[in-house]
Amino acid sequence: MALALSTNAQPLPEAPTEAPDITPADIPSIPQKMWTKAEKQGTVEVFNYEVKRDGKTLKKHARVYLPYGYNAKDKDRPYNVLYLMHGGGDNTTSFLTPPKDWLRLWDVLDHMIQDHQIAPLIVVTPTFYDDDENIGANSMDDATQRTMNFHKELREFLIPAVESKYNTYFLMHKSMKKVNDRIDVTRPHRAFGGFSMGALTTWYQLIFDCAAVKYYIPLSGDIWHFSADGKRDSYKQVAEWVNAEISKSFYKNSFKVFGYTGTDDIAGTPERNIVAALNAYAPVFRYNKPDANLFFSMRQGGKHFYGDVNQYLYFALPLLWK
């Protein structure tokens with residue numbers, strides 16, 4: 001749960017048994033200017049799209065960050081796309097324009113692009129709920145199921161809609177007749193991240209459809225898998241299940257995960273434990289090796305809210321598309 005913004009916080013499921021230990025990298029402080037507005041500012045707009053689910057058509061929306069200098073008419077300049085999912089009880093505004101005076105990802109992106117720390121990119125912040133107005137209407141079990149199934153919405157509806165409107169690599173491959181083939185071939189230009197239950201969404205995206213996305217940023221969240229009696233599996237069992245699922249994919253050797261959390265975060269120890277378990281029991285992951293595809297860092301004193309996780313993204317973004 002993203003307790004910092006949610007007004008309907010619910011308890012997390014019971015934690016599984018212990019996992020092996022690892023020593024994560026430290027997350028330093030970010031430059032103070034990230035809390036100010038950059039000279040060259042991007043824009044954030046609302047993007048509307050439709051989702052067909054259970055025989056119904058849902059009208060949904062996401063927020064879209066467009067970098068300074070973005071020109072809709074310049075179809076020859078494609079942009080990489082980062083999808084970011086909010087936490088439980090939160091909404092499509094939580095990363096880019098939070099309602100509190102916390103660090104805004106919008107400002108971080110503007111400064112990093114202006115200072116040439118990262119290439120200009122498009123950032124999309126959707127919701128796993130039916131839409132912003134339905135937050136809190138569902139139980140924790142229902143929300144968990146939505147995070148588990150969001151990969152279907154991403155592939156079937158959101159990617160084709162948003163990446164056909166904006167200048168993306170998906171749009172440049174419009175001559176390919178099959179949409180799924182276009183999604184797969186452009187996966188190197190796509191990243192997915194999320195906070196808390198958004199991190200859970202991120203892990204599930206990797207597990208169930210890593211053909212759609214190459215880069216992953218789970219922020220303050222581990223992986224939930226349940227036994228037949230409804231109890232959470234041990235970290236070892238979860239890691240073995242994850243390994244079996246990802247091993248089914250053609251892209252099992254072509255993905256990277258950058259996990260971040262804080263020492264004072266309620267999800268800090270769980271995320272540390274799942275990374276340790278993946279390192280020990282899931283051979284598709286390579287941690288602390290020359291060809292590593294799993295990276296993990298913790299911030300001393302970091303808590304469970306966007307003011308911290310937006311700082312983590314400052315360090316994650318330059319690692320994407322390398």
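Which order, highest average first, do 73-84, 45-56, 280-291, 21-32 follow once you tally other Cβ atoms within 10 Å for each residue and take the mean per peptide? Don't skip to the end; give the middle numbers.
On the way: 73-84: 17.4, 45-56: 11.2, 280-291: 15.0, 21-32: 12.9.
Per-residue Cβ counts within 10 Å, averaged per peptide and sorted highest first, yield 73-84, 280-291, 21-32, 45-56.
Calculate, for region 56-195, the solvent-accessible area per residue in square angstrom, rolling a 1.4 angstrom probe over the heavy atoms of the protein chains. Mind dumping the intermediate values first?
On the way: 5680 Å² over 140 residues.
I get 41 Å² per residue for region 56-195.
Compute the separation of the alpha-carbon centres of region 53-128 and region 145-186 and state it in Å as a whole number.
16
Give me the three principal axis extents of region 40-106 from the C-alpha atoms, as integers in angstrom, largest value leading.
For region 40-106, the Cα extents along the three principal axes come out at 42, 35, 16 Å.
When Rg is the radius of gyration of the Cα atoms in the chain and Rh is its Kirkwood radius, what does Rg/Rh come to? Show your work: numbers first, answer last.
Working: Rg = 18.4 Å, Rh = 19.7 Å.
My calculation of the ratio gives 0.94.
Would you please put 144-153, 221-230 in order of how densely packed they are, using the mean number of other Cβ atoms within 10 angstrom per residue and starting with the highest?
Working: 144-153: 19.0, 221-230: 16.7.
In descending order of packing, they fall as 144-153, 221-230.
Provide, for q = 0.22 Å⁻¹, the log10 of I(q)/I(0) from a solvent-free Debye sum over equal Cα point scatterers in region 193-317.
-1.34
Given Cα pairs under 8 Å that are at least 6 residues apart, what percent is the relative contact order of the chain?
Working: 636 pairs, mean separation 70.4, N = 322.
Rounded, it is 22 percent for the chain.
Hey, what did region 169-322 get for relative contact order, percent, Cα under 8 Å, at least 6 apart?
On the way: 264 pairs, mean separation 33.0, N = 154.
Normalised by residue count, the contact order of region 169-322 is 21 percent.
What FRET efficiency do you get for Asp264 and Asp291 if R0 is 30 Å and r is their Cβ-Cβ distance, rounded to the nearest 0.05? Kindly include the intermediate steps, with their values, before the conclusion.
Details: r = 33 Å, r/R0 = 1.09.
Efficiency for this residue pair is about 0.40.
Just to be sure I understand: of the beta bridges DSSP finds with both ends in the chain, what percent are antiparallel, rounded to 5? Please report the intermediate quantities before stating the final value.
Values: 15 of 42 bridges.
Around 35 percent antiparallel, to the nearest 5.
Quote the charge dipole size of the chain about the Cα centre in Debye, to the nearest 20; the model charges only the Cβ of Lys and Arg (+1) and of Asp and Glu (-1). Don't skip to the answer; put the middle values down first.
Numbers: 37 positive and 37 negative charges, 246 e Å.
Once rounded to the nearest 20, the dipole reads 1180 debye.
Find the accessible area per residue for region 224-287; the probe is 1.4 Å, ligands and nucleic acids are left out, and the unit is Å².
Numbers: 2740 Å² over 64 residues.
For region 224-287, the solvent-accessible area averages 43 Å² per residue.
Quickly work out the Gln41-to-Thr97 label distance, labels modelled 7 Å from Cα along the C-beta direction, and quote it in nm with one decimal.
1.1
For the chain, give the percent of accessible area contributed by carbon and sulfur heavy atoms, probe 1.4 Å, rounded to a whole number.
Details: 6850 of 13800 Å².
The nonpolar share, carbon plus sulfur, comes to 50 percent.
Hey, got a sec? Which trypsin sites (Lys or Arg not before Pro) in region 173-219 land in a DSSP loop and have at most 13 other Cβ atoms within 10 Å? Walk me through the numbers on the way to the answer.
Details: sites: Lys174, Lys177, Lys178, Arg182, Arg190, Lys214; in loops: Lys174, Lys177, Lys178, Lys214.
In loop regions of region 173-219 (DSSP not H, G, I, E or B), the sparsely surrounded trypsin sites (Lys or Arg not before Pro) are Lys174, Lys177, Lys178.
Measure of size requested: the Rg and Dmax of region 79-226, with Cα atoms as the atom set and Å as the unit; please supply both.
15.3, 46
In whole Hz and in residue order, list the ³J(HN,Hα) couplings for region 247-264 that follow from phi through the Karplus curve 6.51 cos²θ - 1.76 cosθ + 1.60, θ = phi - 60°; x for Gly and Pro.
5, 6, 8, 4, 9, 4, 10, 9, 7, 9, 10, 10, x, 9, 6, x, 6, 9
Order these peptides, 308-316, 96-104, by their mean beta-carbon neighbour count within 10 angstrom, highest first. Intermediate results must be reported in sequence, preceding the final value.
On the way: 308-316: 24.2, 96-104: 16.2.
With the highest mean Cβ count within 10 Å placed first, the list reads 308-316, 96-104.
Along the charge dipole of the chain, Cβ charges K/R +1 and D/E -1, which of Ala239, His111, Gly268 sits furthest on the positive end?
Highest projection toward the positive end goes to His111.
Tell me, what is the Rg over Rh of region 82-125, with Rh the Kirkwood radius over Cα pairs? Before the final figure, lay out each step's value.
Numbers: Rg = 11.3 Å, Rh = 11.3 Å.
My calculation puts Rg/Rh at 1.00.
Is it possible to state the helix-based mean residue ellipticity at 222 nm for the chain, with each DSSP H run of 4+ residues giving -39500 (n - 2.57), the sum divided by total residues, to the nearest 500 deg cm²/dmol? What is it?
Rounded to the nearest 500, the figure is -8500 deg cm²/dmol.
Starting from the amide H of Ser234, placed 1.01 Å from N in the peptide plane, find each other amide H under 5 Å away whose residue is 5 or more places distant or on another chain.
Thr17
The values are calculated or read from the model by the stated rules, or taken from the named source; none is laboratory data. In this text the structure is predicted, and so the values were computed from the model without any measurement. Neighbour counts are summed over all protein chains in view; Cβ atoms, including those assigned to glycine, are modelled from backbone coordinates with ideal geometry. For the accessible areas, the whole protein counts, side chains as well, though only heavy atoms, and no ligand, DNA or RNA atoms are used. Shrake-Rupley method; radii C 1.70, N 1.55, O 1.52, S 1.80 Å.
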